[in-house]
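Taken together, the values in this text are just the output of simple stated rules run on the coordinates, not laboratory data. Just so it is clear, the model here is predicted, and its values are computed rather than measured. Cβ coordinates were reconstructed from backbone atoms using ideal geometry, including for glycine residues, and neighbour counts include every protein chain displayed.
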Amino acid sequence: MAAGTFNENVVVSKATTLKGANAGVDPRVNCRLGPARGDETIIDGGGNDATVAMTFGTAHVTVDGFTIQGGGGGGGYFPRETSTAASI
């Protein structure tokens, strides 16, 4: 996905890879070993439920290169029940 702010709640129900504008770039602000981060791809849940949720039994999900914010209850990422093998 291109850089920008997306006001959405994302529900993942099958194996997938989501790549934002900074996919593969170290997210630490002080990291000097890799390329500089560019403009961010932001998923903002607007305080409604989880910003990125994975349904029951979903496995092999990668979310890379995003800022995830604005999840309800103070969280942005929520693996529902027995979701496994998620890479954030």
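Numbers at a glance
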read-out	value
Proxy reagent accessibility, fewest Cβ within 10 Å first, across 54, 1	1, 54
Length gained when the stretch residue 13-residue 40 is fully extended (0.36 nm per residue, less Cα-Cα span)	7.3 nm
Segment residue 59-residue 3, extension gain: residue separation times 0.36 nm, minus the distance between their alpha carbons	17.5 nm
Region 12-19 - phi-based ³J(HN,Hα) in whole Hz, Karplus 6.51/-1.76/1.60, Gly and Pro as x	9, 10, 8, 4, 7, 10, 10, 10
